[in-house]
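Data block below; observations after.
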Amino acid sequence: MKILTFDSLPSTNQYCELLDLDGYEEFTIFNAIEQTDGIGQRGNHWEAESGKNLTFSLILKPTFLPIAEQFQLTKCISLGIVDWLETLVPEGHKVSIKWPNDIYVEEKKICGTLTSAKVSGNSITAAIAGIGINLNQRHFPEWVPNPISLVQIRACETDTSAALNDVAYAIELRYNQLRDNPNAPNCDYLSHLLHLGEERKYHYRGETINAMITGVNRFGHLELLKPTGESLVCQMKEIQWIW
């Protein structure tokens, strides 16, 4: 594992997208103390106070994964972060994965990830996993939806360098499991899925519906069941949580 730290970058993912990744070893980490234009899911901005949080991108080379199975990579990265957080949060605080890859403590978001794959033919040649984790930030802008940080949960600050090493190691353990068994993340991902088996309200294709999450298919699409018995299979931009 090699960590390259920058005082400031607009976005670690955008920086990595411009690189020839053949020249970098797997598990090279590009870490930004300050990220001025971080990108989240759906093109949203990722808000992070300088020096208070983790904002980094991880280079992976999962050539063992077929293109159709690339969501397994998202699963193992999410689970690695969950594993690490579960060693830090006080007992009784539930750590969950909000589909597809946000990490929540109870009903609040502590981490966002964004993974992009580079493909050639039928193979994934490389992947960039961008990760933002709220560590020591105590105040967030009003427009940020239900955020929480580790310092708000634990009432003490976390060393950012130690946290980066520890969370990267936890992700690496899950990644090695994936290399040995492409189905390894499936059960743990489902068991940590936020609101699995609970009937809730969602925005779906312009209307409000009641539905229950029943699973995630191999392509990473969310599976739900309406009270009428109708099944839904949703891509990311088709459905939104109502909090």
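Here is a yes/no grid of residues against (1) touching a helix residue (DSSP H, G or I) at 6+ places or on another chain (Cβ under 9 Å); (2) hydrophobic (A, V, I, L, M, F, W, C):
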residue: Leu196; (1), (2): yes, yes
residue: Tyr202; (1), (2): no, no
residue: Asn210; (1), (2): no, no
residue: Thr214; (1), (2): no, no
residue: Gly220; (1), (2): yes, no
residue: Cys234; (1), (2): no, yes
residue: Ile239; (1), (2): no, yes
If I filter the stretch 192-213 for residues that are modelled with pLDDT of 95 or more, in contact with a Cys (Cβ under 6 Å, 6 or more places away or on another chain) and either buried (at least 16 other Cβ atoms within 10 Å of the Cβ) or assigned by TED's automatic domain parsing to the domain that holds Leu79 (or both), do I get at least one hit? no
Sort out which residues of the stretch 112-132 are among the hydrophobic types (A, V, I, L, M, F, W, C) and within 30 Å of Val144 (Cα to Cα), and write them in order of number. Leu114, Ala117, Ala127, Ile128, Ala129, Ile131
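Condition check ((1) hydrophobic (A, V, I, L, M, F, W, C); (2) farther than 18 Å from Arg218 by Cα) across all residues:
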residue: Gly132; (1), (2): no, yes
residue: Arg138; (1), (2): no, yes
residue: Trp143; (1), (2): yes, yes
residue: Val167; (1), (2): yes, yes
residue: Ile171; (1), (2): yes, yes
residue: His192; (1), (2): no, no
Would you check if there is a residue in the stretch 19-34 being under 15 Å from the mean Cα position of the chain (by Cα) and farther than 23 Å from Asp159 by Cα? no
Matching residues in the stretch 21-40 - criterion: being acidic (Asp, Glu) and within 22 Å of Tyr175 (Cβ to Cβ): Asp22, Glu25, Glu26
Checking the structure you have, find out if any residue of the stretch 50-57 is surrounded by 14 or more Cβ atoms within 10 Å (Cβ to Cβ), at pLDDT 95 or above and farther than 17 Å from Ser149 by Cβ. yes
Counting only residues in the stretch 59-91 that are in a helix (DSSP H, G or I) and of a type in the set (Ser, Thr, Tyr), the one surrounded by the most Cβ atoms within 10 Å (Cβ to Cβ) is identified as Ser78
Can you pull out the helices (runs of 4 or more DSSP H) entirely within the stretch 134-243 that have at least 1 residues that are free of Cβ contacts under 8 Å to residues at least 12 places away in the same chain? 160-180, 186-191
Of the criteria (1) farther than 16 Å from Thr87 by Cα; (2) more than 16 Å from the chain's Cα centre (by Cα), which one Tyr175 fails: (2)
Residue check, Tyr169 of a type in the set (Ser, Thr, Tyr), farther than 19 Å from Ser96 by Cα, surrounded by 12 or more Cβ atoms within 10 Å (Cβ to Cβ) and not assigned by TED's automatic domain parsing to the domain that holds Lys61: no
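The values are calculated or read from the model by the stated rules, or taken from the named source; none is laboratory data. Please read all numbers here as calculations on a predicted model, not as lab measurements. Methodologically, a virtual Cβ is constructed for each residue, glycine included, from the backbone with ideal geometry; neighbour enumeration extends over all protein chains shown.
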